[in-house]
Amino acid sequence: MKSSYKLFLFLLFCMIAGCHYHKVNMTIRNETDKKIGYSTFALTDENKLYDISSGGDIDPNGYDSPFVRGSSDGIKTDINSYPDKSIYFVFFNCEDREFVNKNIDSMFKMGKLKLMKFSKTELDSLDWKIVYTGK
């Protein structure tokens, strides 16, 4: 009985530790005078966007790093498994977050998003430091 209990506690610990969120080893800098929201996406085979991290808000002239489940380098290793081998950074006004999240695919198809698209090679050359200037 004691060994079953120890095994249960060990497995519970492993599950909790393995599902923890980590900051991605990248920075996103906001070089505008407004607070902005951002999210990171990948494209599916059906040409739809799906979240690959938590996203967040960035103060004017501030920076942030998105959170992911699992390894903090997960995005860096997963990028080549996405259909177009790219990551999309979507930027928006913070007060529009709910609208953007509900309508992300239609806004993407209509070209109504402020986005930046990068391959792993491009991100490596930038040392995974993204700069948003609002342009």
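The values are calculated or read from the model by the stated rules, or taken from the named source; none is laboratory data. Keep in mind that what you see is a predicted model, and the values were worked out from it rather than measured. Backbone-built Cβ (ideal geometry, glycine too); neighbour counts: all protein chains shown. Please note that ligands, DNA and RNA were not included when accessible areas were found on the heavy atoms of the full protein model with its side chains. Shrake-Rupley method; radii C 1.70, N 1.55, O 1.52, S 1.80 Å.
Per-structure values
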item	result
Environment charge at SER106 (Cβ cut-off 11 Å; Lys +1, Arg +1, Asp -1, Glu -1)	+3
Portion, in percent, of the accessible area of region 76-135 that falls on carbon or sulfur, probe 1.4 Å	51 percent
